[in-house]
Amino acid sequence: MTLPLTAPRPRTVIRPLRSPLDVLVEGARALLRYRSLVRAMTLTRLKVRYRQSLLGWLWAVLQPLALVVLYGAIFSHLATSRPTPYALFVFAGVVPWAFCATSISTATSGMLAHQHLIKQVYFPREIIPLSFVAASLFDLLFAMGVLLAAASYAGSTPSWALLGTLPILAILVLLVAAICLLISALQIGIRDISVALPLVLQVLMFTAPVVYPATIVPAWLQEFYWLNPLALLIEAFRSAVLDAATPRVGDLVYCAGLALVALTVSYLLFKRTETAFVDEA
Amino acid sequence: MSDIVVDRISKRYRIPRLREPFWALRGVSFEVGRGEALGVVGANGSGKTTLIRLLCGITTPTEGEVRLDGRLSGLVDVGAGFHPDLTGRENIFLNGAILGMSYREIERKIGSIVEFSGIGPFLHLPVKKYSSGMYVRLGFAISVHLDTDILLLDEVLAVGDIEFQARCFDRIGQLRDSGKTIVLVSHDLAAIERLCDRALLLAHGEVTRNGDPRAIIEAYQEESYRALPDPGRGSTAQRPIVAARLTFEGHDGGPARTGDPLTCRLAYEASRALGDVVFTVSFNWPSGYLCTEISSGAGANLEAGPGEVEFTIPLLVMQRGFYSVDVAISRGGGERLDWRPRCSLLRVDPGRIIAGDFYQDHRCQIRPHPTGAGAKVQHSDSSVTRCN
C-alpha cells in the first residue's frame, strides 16, 4: 500500500433521510468521485453489446434502418410535403427515438440485472442507468453519421444548422436520463413496469413525430401535441438535419427547463428508493 | 481516535405479510479505533449482514448514524461486480472502478493485482470461462489493492485453496500492520482470533459482548452449544446400564486448565451384572470434529448397581475454549449400551500460555558449548530452562 500520509481521509456519515439539497450536493460529489466507474460501466455496455454479435457496430444502424423500412412501407402514402424522400424523413426521426427507446429499456432492465451487485457494494446507483444512456448515446452518434451521409447523398447540403443538433441532443440526453431514473426508481415498488414498458414505449413513439409528419395531427390536438418535449426535440432534430433549420430558442428553453426539473425530481426520487433496492428488492 | 463510530443504530425491515416490523439491529453502538482490527461474530440472523451493509453505505439505518473517518472498502462478495463476457483484464478495470478506484490507480496496480491473483495466463479470457476459485482469487486480488483506510472483510477467508488462504492471511496481516482499520465478520473463529484485537458478539440484533476476541469467541461458542437441540436419548428404562453423571475437576478442585491435571468422573447405574464394558468420553471441537477421546480401555466386568469411573489426565493439552462432550458405554465388541452425544460442555480455562491448537508438553535446554559442533552461543547461563 503506497498511500501517502497526507492523503485526505474522506469523512462519511451514514444516516437516515437527508434534505433534498444535501442529496443533490452529496450526489454530485459522489458522481464526480466515481467518474471512473461511469466510464468503466459505459465501456462495459458497449463491449458486451457488440462483442458476441457478428455484425457488431452495424447494429447501431441496422436497428433504426429496420424501423425505417417497416414504417416506410406502411406510411409511404403519407404526404410529407418535403423534397426529401419519406424513408429519409423517417430515418431522421427514428435516430433520436431509437436513442430514447434503447436507453429507457436497457436502463430499466439493467437495474434489475445488477441487483446482486447493488446488495454487495456501495457506489452511486444512478451510474447503472446512466451508463446505459451513455452507451446508447454512442449508438446515436454512430447512427447520426450514417444519417448525415444518407442526407447528403439524397441532396441536402450540410450546413451550420447542423450545430443546432448539439443543444437538441444535450437536452434529449437530460430528458432521457430523467425518464430512466424515474422508471428505475418506480419499478422497485411496481414490478409491472418492466412488463408494461415495451407497450409504453410503443405508445410514446406515437406521441412524437417519429414516423409520421406532425402535419397529420388534428388541429384541435396540435396545442397539446407540442407540449410534449419529445415531440419538440425530435421535430427540431429532423429540421436541423434535413431542412437546415436552426431550432427555435423558445422551444429549446422550454424543453431544457422541463428536462432539468424532471431530472431533479426523478433523481431525488431515485435516491430516496436507493436503499429500497437493497432492503425490499 | 476512532475511524468508525457506530452510534445507536437500528435497522427495521418491513416484511410483507408480517404485521410486526422486523428489527435486524437495535441500538447498536461501538467504535473501532484507527489501526484496530475488530472481529464480529454471531449466529445466523444475528444482524451481521445488516451491519456490514450499513457500514458500507449500501443501506441506511432507520435510526442512529455511522460516522466513518477515511475511505472504507467492503470486501463482501468478491467478484460480484464481474461481467461474465468481459476478460479478466477488463473486469479488473470494471471491478476496481466499482470499488472506487480511479482508472489511473488501476493502471498502476494491474501488474501487482494479476500477480497476486495468479491468473496470469488467463487474463485475456472472458471470466465466464474461469473456475470459481479463479473468480474469487481475482476478486480478492483487486480488493486488497485498494488504497483504503478501513477494510471490511466478510467471510472472504473461507474461499480459495490453502495456499491462497495463506496469502490472504499474510496480506490482511500486512494491511493491519500498516495501520489500516479492519472489520472482519466471519464464522471462522480461528481467523477472528488470529487477526483481531477485539471482537463483538451480536445476538438478535444487539451487541451482547464486546472485548477480547478469545473471550468473545468462547461466549459465542457457549451460546451456540446451548442453542443446539437436545439430541434426545429416548427411554433409558430398558438399558442395562446408563451414564448418570459426568463431572470434571481441575487441579485442586478448580476449573480445567491447559497444562494442569484434570480428573473426569463418570457415574453409572447398572441394572444387572455386565461383562466387557468400555467407557469412552469424547471431546469435540466447536466445529463438531472429534478433538480427543479418553477411554477405560479393556472391557471391565461390572456388578449390578451404581458405580463410578475415574479418568485421570495428568496434563491437559487441550487449548482453552469450549468442547462438547459425548459419553459412550459399550461392549468391547462395539455394541452400544448407552450413548449420550453432547451431554456436557467442558470449559478449558487458559493455563499455560500457548498458541495453536494444543499444548505440547516440553522441556528445553540451552547449552553454551554444544558437543561436536563449534557453534558460538552467546548465552552464558547454562541452567536448564523449562519453557512456558
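The values are calculated or read from the model by the stated rules, or taken from the named source; none is laboratory data. Owing to the predicted nature of the structure, the values given are computational and were not obtained by experimental measurement. When we count neighbours, we look across all protein chains shown, and the Cβ atoms used for this are built from the backbone with ideal geometry, even at glycine.
Brief remarks on what is shown
- Test: residue in segment B:115-122 that is touching a residue at least 24 places away in the same chain (Cβ under 8 Å), at the interface with another protein chain (Cβ under 9 Å from one of its Cβ atoms), in contact with a Lys or Arg (Cβ under 9 Å, 6 or more places away or on another chain) and outside any helix (DSSP H, G or I): no
- Residue count, segment A:246-281 (criterion: within 14 Å of chain B (Cβ to nearest Cβ) and out of contact with any Lys or Arg (no Cβ under 7 Å at 6 or more places or on another chain)): 8
- Residue pairs meeting the criteria (Cβ under 8 Å; at least 6 apart or on separate chains; first under 21 Å from B:ARG265 (Cβ atoms), in segment B:278-297; second basic (Lys, Arg) and assigned to a strand (DSSP E or B)): B:VAL278/B:ARG331; B:ASN284/B:ARG342
- For B:ARG352: the one exception among (1) surrounded by 11 or more Cβ atoms within 10 Å (Cβ to Cβ); (2) modelled with pLDDT of 80 or more: (2)
- Within this structure, A:VAL203 passes the test of being over 17 Å from A:LEU175 (Cα atoms) and within 22 Å of the chain's Cα centre (by Cα).
- Any strands (runs of 3 or more DSSP E) falling wholly within segment B:131-204 and containing at least 3 residues that are under 14 Å from the mean Cα position of the chain (by Cα): B:198-203
- You will find that of B:GLY254, B:GLY250, the residue that is surrounded by 16 or more Cβ atoms within 10 Å (Cβ to Cβ) and not assigned by TED's automatic domain parsing to the domain that holds B:THR62 is B:GLY250 and no other.
- Any hit, segment B:91-112, residues being polar (S, T, N, Q), more than 7 Å from chain A (Cβ to nearest Cβ) and surrounded by fewer than 23 Cβ atoms within 10 Å (Cβ to Cβ): yes
- Tabulated pairs, segment A:112-124, first more than 7 Å from chain B (Cβ to nearest Cβ), second not in a helix (DSSP H, G or I), C-beta under 7 angstrom, 6+ apart or interchain: A:GLN115/A:ALA281; A:ILE118/A:ARG125; A:PRO124/A:TYR34
- Segment B:12-26 - residue that is out of contact with any Asp or Glu (no Cβ under 7 Å at 6 or more places or on another chain) and in contact (Cβ under 8 Å) with a residue 60 or more places away in the chain and, of those, farthest from A:VAL121 (Cα to Cα): B:TRP23
Residue-wise test of (1) under 21 Å from B:SER295 (Cβ atoms); (2) under 18 Å from the mean Cα position of the chain (by Cα).
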{"residue": "B:ASP326", "(1), (2)": "yes, no"}
{"residue": "B:SER330", "(1), (2)": "yes, no"}
{"residue": "B:GLU335", "(1), (2)": "yes, no"}
{"residue": "B:TRP339", "(1), (2)": "yes, no"}
{"residue": "B:GLY351", "(1), (2)": "no, no"}
{"residue": "B:GLY356", "(1), (2)": "no, yes"}
{"residue": "B:ASP361", "(1), (2)": "yes, no"}
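- Residue tally, condition under 20 Å from A:ALA177 (Cα atoms) and away from chain B (no Cβ under 14 Å), over segment A:135-163: 9
- Within segment A:196-211, being of a type in the set (Val, Ile, Thr) and surrounded by fewer than 11 Cβ atoms within 10 Å (Cβ to Cβ) holds for one residue alone: A:VAL203.
- Qualifying residues in segment A:16-41 (those that are under 17 Å from B:PHE82 (Cβ atoms) and not small (Gly, Ala, Ser)) - the one farthest from the other protein chains (Cβ to nearest Cβ): A:MET41
- Qualifying residue in segment A:243-251 (condition: closer than 25 Å to A:ASP139 by Cα and touching a Leu at 6+ places or on another chain (Cβ under 7 Å)): no
- Selection within segment B:1-19 - of a type in the set (D, E, K, R), facing chain A (nearest Cβ under 10 Å) and part of a strand (DSSP E or B): B:ASP3, B:ASP7, B:LYS11, B:ARG12
- Comparison of A:ALA30, A:ALA40 shows that the only residue that is among the small types (Gly, Ala, Ser), modelled with pLDDT of 80 or more, part of a helix (DSSP H, G or I) and more than 30 Å from B:GLY35 (Cβ to Cβ) is A:ALA40.
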